[in-house]
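Worksheet: one structure, shown below.
The values are calculated or read from the model by the stated rules, or taken from the named source; none is laboratory data. As the structure is a computational prediction, the values presented were derived from the model and not from experiment. When we count neighbours, we look across all protein chains shown, and the Cβ atoms used for this are built from the backbone with ideal geometry, even at glycine. When the accessible area is computed, the model is the full protein with side chains, heavy atoms only, and any ligands, DNA or RNA have been set aside. Shrake-Rupley method; radii C 1.70, N 1.55, O 1.52, S 1.80 Å.
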Amino acid sequence: VQLQASGGGLVQAGGSLRLSCTASGRTFSSYAMGWFRQAPGKEREFVATIGWGDVSTAYADSVKGRFTISRDTAKNTVYLQMNSLKPEDTAVYFCARSRLFIVALSSDEYDIWGQGTQVTVSS
């Protein structure tokens with residue numbers, strides 16, 4: 001399985017972006033998927049995850065109510081809709097596939113990572 005993230009860019013505070021992560025391979029729908037981000041000088045942090053069957057989702061407190069993770073199994077794509085963006089959301093965003101089928105919050109539970117897409121929010 002390979003993951004390709006896209007959709008990043010430069011946006012003003014309060015704006016929106018939608019990130020996409022397209023997976024190759026047939027086992028995409030059987031695993032939890034997640035989004036992480038890494039700002040300059042900081043460690044990679046969890047953003048959002050969606051479990052198998054799309055029944056469960058989980059979000060970091062910092063993005064709860066503003067970001068929404070979803071999955072289109074037919075397109076092998078996971079999305080991260082980001083609304084009300086803040087300058088502190090500026091980071092490289094990575095999508096990843098978990099080893100598990102339930103929601104996974106730790107990066108240790110993910111074994112396949114995309115290349116990252118830059119999101120910059122100006123004030």
Notebook entry, point to check: Of ILE50, ILE112, which has the most accessible area with a 1.4 Å probe, and how do the rest follow in descending order?
Noted result: ILE112, ILE50
Check: With the other protein chains left in place, how much accessible area per residue, in square angstrom, belongs to the stretch 1-92 at a 1.4 angstrom probe?
Finding: 51
Next item on the list: Mind ranking 74-82, 37-45, 113-121 by how tightly packed they are, going by the mean number of other C-beta atoms within 10 angstrom, highest first?
Entry: 74-82, 113-121, 37-45
Check: Along the Cα-to-Cβ line of ILE112, 7 Å from the Cα, sits a label point; which residues in the stretch 81-98 have backbone N less than 17 Å from it?
Finding: 94-98
Item checked: Whether the stretch 65-122 is rounded, prolate or oblate, judged on the alpha carbon gyration tensor where a/c under 1.5 counts as rounded -> prolate
Next item on the list: Return the aspartates and glutamates within reach of LYS75: Cα separation strictly under 20 angstrom, same-chain partners fewer than 8 residues apart disregarded; answer none if there are no such residues.
Entry: ASP54
Notebook entry, point to check: For the stretch 1-108, which whole percent of the accessible surface, found with a 1.4 angstrom probe, sits on carbon and sulfur atoms?
Noted result: 49
Note to self: Under 16 Å between alpha carbons, and skipping anything fewer than 8 positions from LYS86 in its own chain: which lysines qualify?
What the structure shows: LYS64
Notebook entry, point to check: Among ASP54, ASP111, ASP89, which one moves the most in a GNM of the chain with springs linking Cα atoms closer than 10 Å?
Noted result: ASP111
Next item on the list: Between VAL55 and ASP72, with labels modelled 7 Å along Cα→Cβ, what's the label distance in nm to one decimal, could you check?
Entry: 2.5
Check: Using the Karplus equation 6.51 cos²θ - 1.76 cosθ + 1.60 (θ = phi - 60°), what ³J(HN,Hα) coupling, rounded to whole Hz, does each residue of the stretch 74-88 give in order, writing x for Gly and Pro?
Finding: 4, 9, 6, 10, 10, 10, 10, 7, 10, 10, 6, 5, 10, x, 6
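For the chain, calculate the relative contact order in percent as a whole number, restricting contacts to Cα pairs under 8 Å that are 6 or more residues apart. Could the numbers behind the result be given before it?
Working: 330 pairs, mean separation 44.4, N = 123.
Relative contact order here is 36 percent.
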